[in-house]
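The values are calculated or read from the model by the stated rules, or taken from the named source; none is laboratory data. Just so it is clear, the structure is predicted and the values come from calculations on it, not from any experiment. Note: ideal-geometry Cβ built from the backbone for every residue, glycine included; neighbour counts use all protein chains shown. The protein model used for the area step is the full one, side chains on, heavy atoms only, and it has no ligands, DNA or RNA in it. Shrake-Rupley method; radii C 1.70, N 1.55, O 1.52, S 1.80 Å.
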Amino acid sequence: MKILVIGSGAREHALAWKLSRERNVTAVFCSPGNPGIASVARCLDADVGNPAELLKVARSQAIDLTVVGPELPLSRGIVDVFTADGRAIVGPSQAAAALESSKAFAKDFMARHKVPTASYQVCESATSALAWLEGDPFGYPLVLKADGLAAGKGVVIVPDRQSAIATVESMMIERRFGSAGDRIVFEQFLVGQEASYFVLTDGTSFIPLGSAQDHKRIFDDDQGPNTGGMGAFAPSPLVTVDVERRVIDEIVRPVLDGMQSEGHPYRGFLYVGLMLTADGPKVVEFNVRLGDPETQVVLPMLDEELSWLLGEAAMGALPSRRARILPDAHVGVVLAAGGYPEAVETGRPITGVDAASAVPGALVFHAGTSKRDGQLVTSGGRVLTVVGRGSTFSGAIDTAYQAAAHIRFEGMQFRRDIGRKAVIGPRV
Ligand code: AMP
Ligand code: GLY
């Protein structure tokens, strides 16, 4: 089987790495890919936001199966375009991808199907949003979300009405997130611990892939601005057998049944962002794809052929069963460029990747890297994810940081506390 992975981050490197080791797979391609991915797959340049261009790539290489990493091509209908051409692809249709591309759709959908989530209000104009704020119906802190895709930056938590008004104005009048903020969602602030849960589904059956915890803030102890994710560990000790049963019964099944009954069955990876509250697990967000950096710690735990599962999902023939998952702990530390998450420095030479990869139990996945005159250099905010595996979280943490210690580039920043929550428990 010839497989095409769409995307260019560390998540896609982890996908390509896993697929390249499987018996079923004769060749892995990646569009557009990166220098790390090029060591396990053939990279083909293309615009990740252009489904028609990606279809040309798949046709030219006679690809048997395509798997999509990021949300952008999904929200632009890549699955519909490939399906119309008779090409197997794993991911949701454009209509089903609205679970991520429109927060208002996701909230209304959850309300229709009684999926537990925070109370909310959708507003279509600044006037109605400002009017709704009078009387402070949800109290403070209050969560404001731009409806559309905003590169993970469209969520603002405000402490009082004055900041809520300022945020509404910046989203809806100054249009800080462009058209993504033309509708906004107010949400009640949920108190609890966050974890995420992943399944692969063909629309009816699903296979749980496990749980993880992300570290979204740039600095240790969850301080500083939000990022795309500075590190992750898997599995999440918060997602106990009991919690998992509730997530499946109260969230995953109703979502799949609901999408089916509304005429746009959900196929692909579903990422359930959870807040584990005193009243049980509630949905904070859906992503219609795997997470980054969660994938880098979740996929190495999968002890069976991903290509087979993907093929069955694409054909609508996925069995309902548990996947074989390794018991080891995995911890992934993101090495980010200077300036991240604001304007980042690029073009800085990177050294030590081979030495890091040679540490037993370590894996290095590339994201914002490129080659300049044969030298690996930085080319994005999140540059590499270094993953450590261990029979305990402490062991996995040691391995990840030992490997990361080999890597150098000017301005490199990373958190020193990735995985600590799994060892000492969450701060409450
Ligand atoms: P989202 O992009 O929807 O996942 O939101 C980004 C982050 O904002 C989440 O990871 C949470 O930390 C926080 N957040 C979102 N919604 C809520 C909520 N209703 N209550 C508390 N925190 C939230
Ligand atoms: N790490 C969060 C995400 O992939 O959206």
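Give me the percent of the accessible area of region 1-160 that comes from carbon and sulfur atoms, probe 1.4 Å, all protein chains in place. The C+S portion of the solvent-accessible surface of region 1-160 is 50 percent.
Estimated at 0.36 nm per residue, the fully extended path between residue 59 and residue 175 surpasses their Cα-Cα distance by 37.9 nm.
With R₀ set to 45 Å, the beta-carbon distance separating residue 278 from residue 47 gives a calculated FRET efficiency near 0.45. Each other residue within a Cβ distance under 12 Å of residue 341 adds +1 if Lys or Arg and -1 if Asp or Glu, for a net charge of +3. When Rg and Dmax are taken over the Cα atoms of region 228-281, they come to 13.3, 37 Å.
Could you calculate the contour length gain from residue 323 to residue 303, that is, 0.36 nm times the residue separation minus the distance between their Cα atoms, to one decimal place in nm?
Full extension from residue 323 to residue 303 adds 6.4 nm.
Evaluate 2.2 N^0.38 Å with N set to the residue count of region 3-111, then give the Cα radius of gyration divided by it.
Values: Rg = 14.2 Å, N = 109, 2.2 N^0.38 = 13.1 Å.
The reported ratio for this selection is 1.08.
Each Lys and Arg contributes +1 and each Asp and Glu -1, all at the Cβ; summed about the Cα centre of the chain, the dipole is approximately 680 debye.
Just so you know, the Cα atoms of the chain work out to an Rg and Dmax of 20.8, 62 Å.
The apolar share of the surface of region 242-304, taken as the fraction of accessible area on carbon and sulfur atoms (1.4 Å probe, ligands and nucleic acids excluded), comes to 42 percent. Taking 7 Å steps out from each Cα toward its Cβ at residue 2 and residue 160 produces label points 6.3 nm apart. Modelled this way, with points 7 Å down the Cα-to-C-beta line, the labels at residue 257 and residue 240 are 2.6 nm from one another.
Remark: relative contact order (the chain) = 16 percent; criterion is Cα-Cα distance under 8 angstrom and separation of 6 or more residues. In the chain, the calculated helix contribution to ellipticity at 222 nm averages -7000 deg cm²/dmol per residue, counting -39,500 (n - 2.57) for every DSSP H run with n ≥ 4. By the rule of a C-alpha distance below 30 Å, with chain neighbours fewer than 8 residues away ignored, the lysines paired with residue 421 are 18, 103, 107, 145, 153, 216, 282. Based on C-alpha pairs under 8 angstrom that are at least 6 apart in sequence, region 50-113 has a relative contact order of 29 percent. Taking the chain as a Gaussian network of alpha-carbon nodes connected by springs under 10 Å, the highest mean-square fluctuation of the residues 352, 258, 224 belongs to 224.
How much of the calculated P(r) for region 132-214 lies past 18 Å, in percent of all Cα pairs?
Details: 1861 of 3403 pairs.
Tail of P(r) above 18 Å: 55 percent of Cα pairs.
Solvent exposure of the chain amounts to 40 Å² per residue of accessible area, where only protein heavy atoms count and the probe is 1.4 Å. If you run the Gaussian network model on the chain, springs between alpha carbon atoms under 10 Å, then out of 382, 11, 175 the most flexible one is 175.
State the Kirkwood hydrodynamic radius of region 287-428 in Å, one decimal place, computed from all pairs of distinct Cα atoms. Present the calculation step by step, with values, prior to reporting the outcome.
Working: mean 1/r = 0.0605 Å⁻¹.
Answer for region 287-428: a Kirkwood hydrodynamic radius of 16.5 Å.
All other residues whose Cβ lies under 15 angstrom from that of residue 269 are scored, Lys and Arg at +1 and Asp and Glu at -1, for a net of -4. Once the Cβ-Cβ distance of residue 131 and residue 153 is raised to the sixth power relative to R0 = 25 Å, the FRET efficiency obtained is 0.45.
Within the shell defined by Cβ-Cβ distances under 14 Å, the residues around residue 25 carry a net charge of +1, with Lys and Arg each +1 and Asp and Glu each -1.
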